[in-house]
Every structure is written in structure tokens, then in C-alpha cells.
Amino acid sequence: MKPDRFWLPNTARVDQHLENLPRAWAGYKADSGATRELFALLREGQADAACELATKQLLAGIGAQAIWDAVHLTTAELMVRHETGWGLASRPLHSNTSTNAMHYAFRTCISSRTRLLVLLQAVAWAAEKTGGDLAGKALRDIQITELAEATLPAKSEDAVAEIFALLPARSYRWDAQTRKAVLAYGERADADQACRKIFTLAKSRPEAVPLFVQTAHSWLCQKASDDHHEYKFLAAILEDAALVSPNF
């Protein structure tokens with residue numbers, strides 16, 4: 001397999017800067033300002049500039065957690081920026097599962113060199129999946145950090161039930177004869193409303209988030225098929241949600 005176009009530039013960054021990084025560069029201290037600065041580049045698809053900024057942030061004492069926060073925000077945002085339901089089945093799915101895998105490698109690897117390279121590659125991939133042939137086409141100008149709030153029932157249990165009731169029906173199958181995917185998807189507006197409601201719930205009632213996650217897991221048990229995409233996606237994004245800093 002050929003390396004992607006970011007491998008050599010990021011390897012060069014590692015070679016040049018690893019020895020100059022602060023001892024605690026891989027730490028878990030959040031920095032909202034640094035995260036938002038990097039997030040702005042990532043969501044515009046500026047991969048090279050984002051890798052440069054991430055490197056400068058690390059050299060300046062910003063911990064890796066702030067960078068991972070930006071990466072996860074960017075890939076998660078693809079789920080709400082796509083214009084159609086079909087878009088959700090491609091780039092957002094694989095962006096989030098790939099980011100999940102790279103963050104796992106970062107947390108478990110003992111080589112500082114490999115950890116830094118994995119982090120920079122995650123930055124590049126997040127930007128590339130947002131930019132490229134999708135830039136200015138299939139993506140809406142919606143920021144996941146600034147979703148409009150929505151009204152919720154007084155009881156959190158009712159709020160969670162209402163959110164899941166809004167989710168549009170979706171079906172997917174592969175037609176072996178035509179060699180094409182056949183997708184049916186409900187109203188995108190319903191999904192948007194559900195997004196705004198969970199955003200509001202998590203922001204105003206963080207104590208209700210475990211109930212939401214528990215409900216999501218129960219849906220996985222009911223709806224998963226023999227297609228691994230049906231369960232690896234949800235498993236990845238729920239795990240990622242627990243990895244980002246609490247304010248995000």
C-alpha cells in the first residue's frame with residue numbers, strides 16, 4: 001500500500017521537532033482556544049496548514065488533548081454538515097472510525113515518535129476528509145460547536161425518547177446485480193432537529209447524557225445487522241465522545 005501524501009511531510013515534522021517538544025506534550029490538559037483555532041483550519045480542509053499549526057501548538061506547550069479535541073470535533077461535524085442521508089453512510093462513518101482507531105493507537109503506543117506521527121496523521125486525515133472533492137459542494141455551513149438550541153420536555157427521560165423518535169428511518173443494502181448501494185432515508189430536517197435537541201440536552205443537563213448513551217446502545221442491539229458498519233460506527237463515536245474534553 002502506498003503512503004498517503006501526508007506521510008512524508010509529517011515524518012519530516014516528527015524528525016525535526018520531536019526532541020524539542022515539552023516533556024508533557026502528550027498530556028490530557030484541555031485548551032479550548034487552541035482547539036478552536038485548529039478546528040477552524042480542519043473544517044475548511046486545510047490539511048497542511050493544520051499540521052503546521054498543530055506542531056507549533058505542541059512546541060508552545062499545548063497538550064495533545066487539545067489537538068485530539070479538534071480532530072474529533074471535525075470528524076463528528078461531518079455527520080451534521082452533509083446535505084443528504086446518503087452522505088452519512090460514507091465519509092462521516094469512515095472518518096470517525098479511522099479517527100477512533102488512530103486515537104487508540106496514540107493512547108496505547110509507547111513510542112513517542114510513533115505517537116507524534118499518529119497524531120499529525122489524524123490531523124491531516126480529518127482535514128482531508130472535510131476538504132477535497134466535498135469542499136463547497138455536499139457540506140452545509142453548520143458548526144457543531146454552535147448549533148441552535150431546541151426546546152425539550154421537562155423530564156430528561158421524555159427528552160431522550162423524543163430525540164430518538166425524531167430520527168428518520170434509514171435502510172441500506174448492496175445490490176449485487178447492479179453493483180450499487182440502495183439507500184432509503186427519511187427527512188434530513190428531522191435528523192437536524194434531533195441534533196439540536198441532544199446538543200441542548202448535553203449542554204443544559206449533562207447528567208442526562210448517560211441515559212442518552214444507554215438508549216443509543218440499546219438501539220444498536222435492536223438495529224445492528226451482519227454488516228459491520230452498522231455497529232462499528234456507533235461504537236466508535238460513543239467511545240470518542242468520552243475521550244474529548246468535557247466542555248466539548
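Conditions tested, residue by residue: (1) aromatic (Phe, Trp, Tyr); (2) at pLDDT 95 or above; (3) assigned by TED's automatic domain parsing to the domain that holds Pro92.
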site	(1), (2), (3)
Ala184	no, no, no
Arg188	no, no, no
Leu201	no, yes, no
Trp219	yes, no, no
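Look at Thr114 and say whether it is surrounded by fewer than 17 Cβ atoms within 10 Å (Cβ to Cβ), among the polar types (S, T, N, Q), within 24 Å of Val213 (Cβ to Cβ) and in the same structural domain as Tyr28 (by TED's automatic domain parsing).
no
Quick one: which helices (runs of 4 or more DSSP H) sit completely within the stretch 147-248 and have at least 2 residues that are under 29 Å from Phe106 (Cα atoms) and under 22 Å from the mean Cα position of the chain (by Cα)?
Per the criteria, 188-204, 209-223, 229-243.
Answer yes or no: is there a residue in the stretch 103-111 that is surrounded by 20 or more Cβ atoms within 10 Å (Cβ to Cβ), modelled with pLDDT of 95 or more and not assigned by TED's automatic domain parsing to the domain that holds Asn20.
No: the stretch 103-111 contains no residue that is surrounded by 20 or more Cβ atoms within 10 Å (Cβ to Cβ), modelled with pLDDT of 95 or more and not assigned by TED's automatic domain parsing to the domain that holds Asn20.
If you check every pair at least six apart or on different chains, which have Cβ atoms under 6 Å apart with a residue in the stretch 45-59 that is farther than 17 Å from Trp7 by Cα first and a residue that is at pLDDT 95 or above second?
If the second residue must be at pLDDT 95 or above, the pairs left are Gln57/Ala34; Leu58/Leu21; Leu58/Trp25.
Take Ala216 and decide whether it is surrounded by 10 or more Cβ atoms within 10 Å (Cβ to Cβ), touching a helix residue (DSSP H, G or I) at 6+ places or on another chain (Cβ under 9 Å) and small (Gly, Ala, Ser).
yes
Suppose we filter Arg173, Arg179, Arg188 for residues that are of a type outside the set (A, V, I, L, M, F, W, C) and at positive phi; which single one remains?
From the options Arg173, Arg179, Arg188, the qualifying one is Arg179.
The values are calculated or read from the model by the stated rules, or taken from the named source; none is laboratory data. Note that the structure is a prediction, hence the values are computed from the model and not measured. Note that we place each Cβ from the backbone using ideal geometry, even for glycine, and neighbour counts take in every protein chain shown.
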